[in-house]
């Protein structure tokens, strides 16, 4: 009964979305207040109905209702409760329901907190948001219904993919969806502004907090996925340039560019057309990512392999919304004449450079991701584009971005003096150069990646600190730091976080040590200054798996520092093995141990990695997300739109 109610609520939400997509839009065009006001309760109702549908599906998973086809295919009665719940979105149909739940959540938030928007703009934003929701409701109901019943309910289910039975993957999709689905509201703001023919400083203030929210969640989601790949897949890497990884990374880059571009619109009323275009492209690339993951077009270790018909439906949604928005953008571009004028050396110019680097790097990732498909379709050639291409093509843009960030963040608006900024940043540059030289001297004969990464990371961190100190006045009154706006602190923390991540990536990739051997019981061996000894290998029964678990003593200079328990798990229901690495986490390095198969001559295959600065990668991501959250908590974001100058509720461009 509950699942039937959930199905009914989903259909009702679809009908409400159709009404909300049309009535407020007509009302805004005709200036009918009643029709425009209808958007807010409709957005609330749409979210409430979708939430009820999602809760009904979650209930079916929690109670193991195997009469529901989706539960039968993705759950099992012996599975731990956390994975019964995460099984709701560990499949195509359930994850799409989570997709539209978050889509309607952002629409409802815009209705609840958009009271200071002009009525016509608010109505159009909510109508555009609802039109996107209507398309995805139709996709779910007609091609991916999660509430289909089985004629004869089976006794038990087929279990969830064992790779997804992990805490990291339980929380990774919701955060990720909050990020790139959240960009839909930025898209709705952009299209609504194009329909009205008005983009001004107030629009920049309205759209920037929504971009910040999406970017923060997307940062957390990508970091969780990277961390999961690091410890769960057993290969010891944090990023493989997999198509599904790229599907979330491309919108992240565009969202970062949009975040910085909106600053220029807000402060200087410049870059209007470019900012609107970025808002369209950011969500457009989110839709491209959805298409990549769910069409079966490209293979991936964690893609939803589905039939091409579903991919065609998503492709039609992508073409309609992105193509329609770009067409509207082309028609309205002349109505968005920029007011602000700025010099070549200015913060505006630095932000333009930032935008170009981020956008072009995203297109590089897109080309590398799609090229195997294009080559096969057009040239009948099977190609593989892997990490070597991405590392060579993508890294230079990030190096230039890292060099420019400290300088750009300290330049004055409109017209700056590079010499003054360079003088203030000279100590930071000297420190970065000194550390690079030290690393170069210590690692004679190795690649330049380590020294360059140390230089860029130190430069970004020291530059962010210098930016904060420069705001304390000539007398360096540090008490002023406590009175700085939170947005300033957020910018510094986020930039420093990027520096920490760069340090971690450089350390891991440049100085990692690897050892693969057949380890005999009670025989020690050396790896990177550490002593390891396989003490025993036991068979352990888990809740829904059988584990082969090793017991490894980790010592240094004759002193035991950790006991590690690498595992190979076998899930009988899913008939699938997984590798569970054992990791000794420390601030400056990880010791990463994986146990393999037993050998005929005795002993077990063991892989050992020494990974310098590995945890800095995710520590930097946490700092970036923290910086975004600090900026979001700035009082100016809560009151800026309300303090904006009133604008007439007409469609005439306010230039």
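The values are calculated or read from the model by the stated rules, or taken from the named source; none is laboratory data. It should be emphasised that the depicted structure is a prediction, and the values quoted were computed from it without experimental measurement. Glycine gets a Cβ as well: all are built from the backbone with ideal geometry, and neighbour counts include every protein chain shown.
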Q.
Here is a list: 113, 61. Which entry is without any contact (Cβ under 8 Å) to a residue 40 or more places away in the chain, surrounded by fewer than 23 Cβ atoms within 10 Å (Cβ to Cβ) and closer than 23 Å to residue 175 by Cβ?
A. 113
Q: Examine segment 433-455 for a residue that is at pLDDT below 95 and within 19 Å of residue 493 (Cβ to Cβ), and state whether such a residue exists.
A: no
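Matching residues to (1) surrounded by fewer than 15 Cβ atoms within 10 Å (Cβ to Cβ); (2) under 20 Å from residue 351 (Cα atoms):
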| site | (1), (2) |
| --- | --- |
| 370 | no, no |
| 377 | yes, no |
| 383 | yes, no |
| 390 | no, no |
| 399 | no, yes |
| 403 | no, yes |
| 418 | yes, yes |
| 430 | yes, no |
| 433 | yes, no |
Q) Does segment 375-390 contain at least one residue that is in contact with a helix residue (DSSP H, G or I) (Cβ under 8 Å, 6 or more places away or on another chain) and part of a helix (DSSP H, G or I)? A) yes
Q) Residues of segment 126-145 being more than 19 Å from residue 16 (Cβ to Cβ) and either in contact with a strand residue (DSSP E or B) (Cβ under 7 Å, 6 or more places away or on another chain) or crowded, with 20+ Cβ neighbours inside 10 Å (or both), which ones? A) 144
Q. Quick one: which of 25, 73, 18, 10 is in the same structural domain as residue 138 (by TED's automatic domain parsing), touching a residue at least 60 places away in the same chain (Cβ under 8 Å), within 19 Å of residue 192 (Cβ to Cβ) and within 30 Å of the chain's Cα centre (by Cα)?
A. 18
Q. Only one of (1) farther than 22 Å from residue 227 by Cβ; (2) more than 30 Å from the chain's Cα centre (by Cα); (3) surrounded by 18 or more Cβ atoms within 10 Å (Cβ to Cβ) fails for residue 607. Which number is that?
A. (1)
Q) Tell me, which residue of segment 332-348 that is in contact (Cβ under 8 Å) with a residue 12 or more places away in the chain and in a helix (DSSP H, G or I) is surrounded by the fewest Cβ atoms within 10 Å (Cβ to Cβ)? A) 333
**Q.** Among residues of segment 572-606, those that are without any contact (Cβ under 8 Å) to a residue 60 or more places away in the chain and assigned to a loop (DSSP other than H, G, I, E, B), counted
**A.** 6
Q. Is it the case that residue 476 is in a loop (DSSP other than H, G, I, E, B) and not assigned by TED's automatic domain parsing to the domain that holds residue 586?
A. yes
Q: Hey, can you tell me all the residues within segment 227-244 that are in a helix (DSSP H, G or I) and crowded, with 21+ Cβ neighbours inside 10 Å?
A: 228, 229, 230, 243
Q. If you take the residues of segment 144-171 that are touching a helix residue (DSSP H, G or I) at 6+ places or on another chain (Cβ under 8 Å) and part of a helix (DSSP H, G or I), which of them is nearest to residue 334 (Cα to Cα)?
A. 171
Q.
Tell me yes or no: at least one residue of segment 302-313 is at pLDDT 85 or above and either assigned to a helix (DSSP H, G or I) or surrounded by fewer than 24 Cβ atoms within 10 Å (Cβ to Cβ) (or both).
A. yes
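Each row is one residue, and each column tells you yes or no for (1) part of a loop (DSSP other than H, G, I, E, B); (2) over 15 Å from the mean Cα position of the chain (by Cα); (3) in the same structural domain as residue 136 (by TED's automatic domain parsing).
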{"residue": "173", "(1), (2), (3)": "no, no, no"}
{"residue": "177", "(1), (2), (3)": "no, no, no"}
{"residue": "189", "(1), (2), (3)": "no, yes, no"}
{"residue": "199", "(1), (2), (3)": "yes, yes, no"}
